[in-house]
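Every number here is computed from the coordinates shown, using simple stated rules; none is lab data. Please read these numbers as outputs of a predicted model, since none were measured by experiment. Glycine also receives a Cβ, built like all others from the backbone with ideal geometry; neighbour counts cover every protein chain displayed.
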Amino acid sequence: MMPSTKAYLIVGAVAAIVTFACTPVVVRIAHRLGWVVQPDERRVHKVPTPDVGGIAMFIGFGAAFAAARLMDSFDPLFARNSEPRGVVIAAALMFLVGFIDDIRELSAPAKVVGTVAVGVVLVFYGVTMFYFRVPFLDVYILSDDWVPLITVVWLLGMTQAINLIDGLDGLAAGIVAIGAMAFFLYSQRLADPSIGMLTPPNIGPLVAIIAVGICVGFLPHNFNPARIFMGDGGALLLGLLMAVSTSVVGGRADPNAQRYVGQTYFFLAPLFIPLFILGVPIVDTLFAIVRRAARRQGVSAADKGHLHHRLMEMGHGQRRSVLILWAWTALLSTFVLYPVFTGSGVSYIPIGAAMLGLLLFTVLHPQIRRRRA
């Protein structure tokens, strides 16, 4: 049996409380040691601000994982299972790569090498997907030759998506909190005995709810005006957590569970769900790759062409730009969760109307019209 929702929420609360409590301490230490990022023409903040919030987030992650280990509900997950150890080691290494980049600046190739090494750790401990389900076609069982490559590519994609969207106060933390919560609910639905598409024990829901918790605990300190940034240490850590949770849930949904086949697309494509839920950072990453390739720049080259920068150029302030992108993430998550929980994909009119309303608000806000005039 999977742990109860209450047990998961307790672990998420531990992550939130510990992260929230540790962040002010990290702020003071960062100022004392000079771990701050200075304002410049590309960044939007105006005063030197610590950029090592990933320290508090990693402490929150560790505390939540330890709390889960001490709870009887999670005994089946930790008993004779190497995956929890692999997640902890991979998270520590991923955070370390980002933290070194925050205080010393690593080259782009060095960060990629570090991420690949983390992917190898995940493969070694078995934290990988088993199946790749192509909607309406077939389910492909991944051979041992393909597992390492797909694990590394999935990890690189998720970490870069979260890292690139981390450009405004609270943006990445809010998007990951919403997206991880949506994916947690989705995984809980797949694990429901009446559906039986997710075989326990599965570490994905635990990792997802911990990601929610550390984001919720960090956000009060990170929302505009931010007192601290998560930095690469925090962004890469969140990317790892999302990569792990999505791969071990979406890539392990039982292909023999046919109860819902033919009823809804979303039960047929578990690995495609995070592409909807994390649509904002993924689309931003794809545009960044195309934009920089057209300019013959490296993928890691910094610019001000991201979605949040474009919203600010339109006339939206930092807070409104962040709230708009949060809203898009919430609507995309609702778009996914509606058929998952209802078993029907018919009544999308309210969601479509909300998306249209948000689009009109983004383009036709009174402040935007005044700026154009």
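Take the Cβ atoms of Leu9 and Ile141, set R0 to 41 Å, and the FRET efficiency comes out at 0.75. Between Ser194 and Phe361, the contour length at 0.36 nm per residue exceeds the Cα-Cα span by 56.1 nm. A dipole drawn for segment 5-265 from +1 and -1 charges on Cβ atoms has a positive end, and of Pro109, Leu9, Pro76 the residue lying farthest that way is Leu9.
For segment 134-196, chymotrypsin sites (Phe, Trp or Tyr not before Pro) are listed when DSSP marks them as loop and at most 15 other Cβ atoms sit within 10 Å of their Cβ; the list is Phe136, Trp146.
Compute the convex hull volume of the Cα atoms of segment 1-122, divide it by the residue count, and report the result per residue in Å³ as a whole number.
Dividing the Cα hull volume of segment 1-122 by its residues yields 130 Å³.
Compared with the direct C-alpha span, the chain from Arg104 to Leu70 gains 8.6 nm at full extension, assuming 0.36 nm per residue.
Computed from the C-beta positions of Val113 and Arg80 and an R0 of 30 Å, the FRET efficiency is 0.40 to the nearest 0.05.
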